[in-house]
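The values are calculated or read from the model by the stated rules, or taken from the named source; none is laboratory data. Source: prediction; values computed, not measured. Cβ placement follows ideal geometry from the backbone for every residue including glycine, while neighbour counts extend to all protein chains displayed. Note: areas computed on protein heavy atoms with side chains; ligands, DNA, RNA excluded. Shrake-Rupley method; radii C 1.70, N 1.55, O 1.52, S 1.80 Å.
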Number of protein chains: 2
Amino acid sequence: MCESNVYIEKDGKEELYLENVDILKPGDGKIFMRNLFGEQKIFEGVIKEISLIKHKIVLTKG
Amino acid sequence: MCESNVYIEKDGKEELYLENVDILKPGDGKIFMRNLFGEQKIFEGVIKEISLIKHKIVLTKG
């Protein structure tokens, strides 16, 4: 499967925020996300970098 | 492989912009992207929606 893990970058470190994410929708300074198991989270910030081959999405405070 | 195709949404339609994208880096109202073959593009706009299971990323003018 091609889901990714979402990490939050803070103070130069990356912390796992949500695993197996399928859907991301940025908007209004927030990012809605939902994973394969239906778990949903909203993070206040922006997408910093996406690397699909590494299955990795990094968010950061806006 | 888990790369995605990037589409631009315009007037309710989605147009293919770059295939087999691995890396995306949003910033300053632009989105830098690079695909598996080293092809790079910069789009002026924002990420509207990402659906990794569908291998689909939709961008739109900011």
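Here are the numbers for the structure shown:
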| item | result |
| --- | --- |
| Estimated buried accessible area (total), pair A and B, 1.4 Å, Å² to nearest 100 | 1700 |
| Label-point separation in nm, residue A:40 to residue B:40, each point 7 Å along Cα→Cβ | 3.8 |
| Carbon/sulfur fraction of accessible area - chain A, other protein chains in place, 1.4 Å, % | 45 |
| Axis proximity, chain B to A: residue whose C-beta lies nearest, plus whole-Å distance | B:2, 2 |
| Restricting chain B to trypsin sites (Lys or Arg not before Pro) in coil, as DSSP defines it, with at most 16 other Cβ within 10 Å | B:54, B:61 |
| Dipole magnitude of chain B about its Cα centre (Cβ charges: Lys, Arg +1; Asp, Glu -1), debye to nearest 20 | 100 |
| Anisotropy class of the protein assembly as shown from Cα gyration tensor, a/c 1.5 cut | rounded |
| Rounded if a/c under 1.5, otherwise prolate or oblate - the range A:4-60, Cα gyration tensor axes | oblate |
| Inter-copy label distances at residue A:2 (7 Å, Cα→Cβ; nm, one decimal) | 1.1 |
| Estimated vicinal HN-Hα couplings, Hz - the range B:7-13 in sequence order (Karplus 6.51, -1.76, 1.60; Gly, Pro = x) | 10, 9, 8, 8, 6, x, 10 |
| Nearest-first distances (nm) between copies at residue B:37, label 7 Å from Cα via Cβ | 3.9 |
